[in-house]
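Input: a single structure, listed below in structure tokens.
All of the numbers you see were taken from the coordinates with simple rules; none came from a lab. Note that the structure is a prediction, hence the values are computed from the model and not measured. Because the Cβ atoms are built from the backbone with ideal geometry, glycine has one as well, and the counts that use them run over all protein chains shown.
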Amino acid sequence: MTIDLKEHERIDELHRNGYRIIQRENAFCFGMDAVLLSGFAFVKPGEKALDLGTGTGIIPILLEAKTEGNHFTGLEIQEEMAEMASRSVKLNGLEEKIDIITGDIKEAGRIFGGASFDVVTTNPPYMNDSHGLKNPELPKAIARHEVLCTLDDVVREGARVLRPGGRFYMVHRPHRLIEIITALTRYRLEPKRMKMVHPFVDKEANMVLIEAVRGGRSMIKVEKPLIVYKEPGVYTDEIYDIYGY
């Protein structure tokens, strides 16, 4: 299918089912964290999944390719980004499987209603006001810093839209792990799985993947760490498998 591109836009290959995605050079482009989250999350046959702060729509598109979920929805507050994500959905002929909704994460419970999804995924802004310098370009600042929503907002609304027993998946930074677990348990999302991501085997973790279950019992499994590079510029076999190369 032919899709008209706007200024500064490009089409990138996703190496899954022949899918492609539209990205804008001067906006926030998806990174490895989104791809790793799509490999960590499970969406079972017949389930419905919601991605909070979907950006380019990368996570719903990859989850549609990798899982047997019934339907996927992306919620994005930036109208231009949501419109671009919708064109990526159309580009891949996925209009029957993926919806992109323009709206505020802080209003997700009102937009979709309580207990309306089996799975929630999110790759939220990592930095709060005390962490780092904000990017002067607003779309990138919104994606990276808690400009329009906080960690608490994301977790609260994720819990609201999840059915009892539903699963919440997040990728974040290890330095905020105490905040993350505190927020999850505050809203009765019990952490069940955790995987640290290390750039090299001898380097400290720079990402953490977490699964929590709404109303689950208290018990967490810390999985084997994921190592990104076996040498500079060369991914490990596990990373190549996640990407689908």
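Treat each spin label as a single point 7 Å out from the Cα along the C-beta direction, and report the residue 185 to residue 32 distance in nm.
3.1
Based on the alpha carbon coordinates of the chain, what radius of gyration and maximum Cα-Cα distance (Dmax) apply, in Å?
In Å, with Rg to one decimal and Dmax whole: 17.0, 50.
Report ³J(HN,Hα) in whole Hz for each residue of the stretch 219-228, in order, from the Karplus equation J = 6.51 cos²θ - 1.76 cosθ + 1.60 where θ = phi - 60°; Gly and Pro get x.
Whole-Hz 3J(HN,Hα) from phi for the stretch 219-228: 5, 10, 10, 8, 7, 4, x, 9, 9, 7.
At most 13 other Cβ atoms within 10 Å and a DSSP loop assignment: could you name the GluC sites (Glu not before Pro) in the stretch 11-97 that fit?
Working: sites: 13, 25, 47, 64, 68, 76, 79, 80, 83, 95, 96; in loops: 25, 47, 68, 95, 96.
Of the GluC sites (Glu not before Pro), the ones in loops of the stretch 11-97 whose Cβ has at most 13 other Cβ atoms within 10 Å are 25, 68, 95, 96.
Helix-derived [θ] at 222 nm for the chain: sum -39500 (n - 2.57) over DSSP H runs of at least 4, divide by residue count, nearest 500?
-8000 deg cm²/dmol
For residue 100, what residues show an amide H to amide H distance below 5 Å, using hydrogens built from the backbone and excluding near sequence neighbours?
Those qualifying (amide H under 5 Å, at least 5 residues apart or on another chain) are 74.
Taking the Cα centre of each part, how many Å lie between the stretch 157-230 and the stretch 11-58?
Taking the Cα centre of each part, the stretch 157-230 and the stretch 11-58 sit 18 Å apart.
Where is the GNM fluctuation largest for the chain (alpha-carbon springs, 10 angstrom cutoff): 106, 44, 203?
Among 106, 44, 203, the largest mean-square fluctuation in the Gaussian network model of the chain belongs to 203.
Can you tell me which of 59, 210, 181 moves the most in a GNM of the chain? Springs connect C-alpha atoms under 10 Å apart.
Maximum among the listed residues: 181.
Residue by residue through the stretch 2-13, what is 3J(HN,Hα) from phi via Karplus (6.51 cos²θ - 1.76 cosθ + 1.60, θ = phi - 60°)? Round to whole Hz and write x for glycine and proline.
Couplings: 8, 10, 6, 9, 8, 4, 6, 8, 9, 10, 10, 7 Hz.
Which of the three applies to the stretch 158-245, rounded, prolate or oblate, going by the alpha-carbon gyration tensor with a ≥ b ≥ c and a/c under 1.5 meaning rounded?
prolate
Using the beta-carbon distance between residue 42 and residue 79 and R0 = 41 Å, what value does 1/(1 + (r/R0)^6) give for FRET efficiency, to the nearest 0.05?
The calculated FRET efficiency here is 0.85.
With contacts defined as alpha carbon pairs under 8 Å and 6 or more residues apart, what's the relative contact order of the stretch 58-132 in percent?
Answer for the stretch 58-132 is 29 percent.
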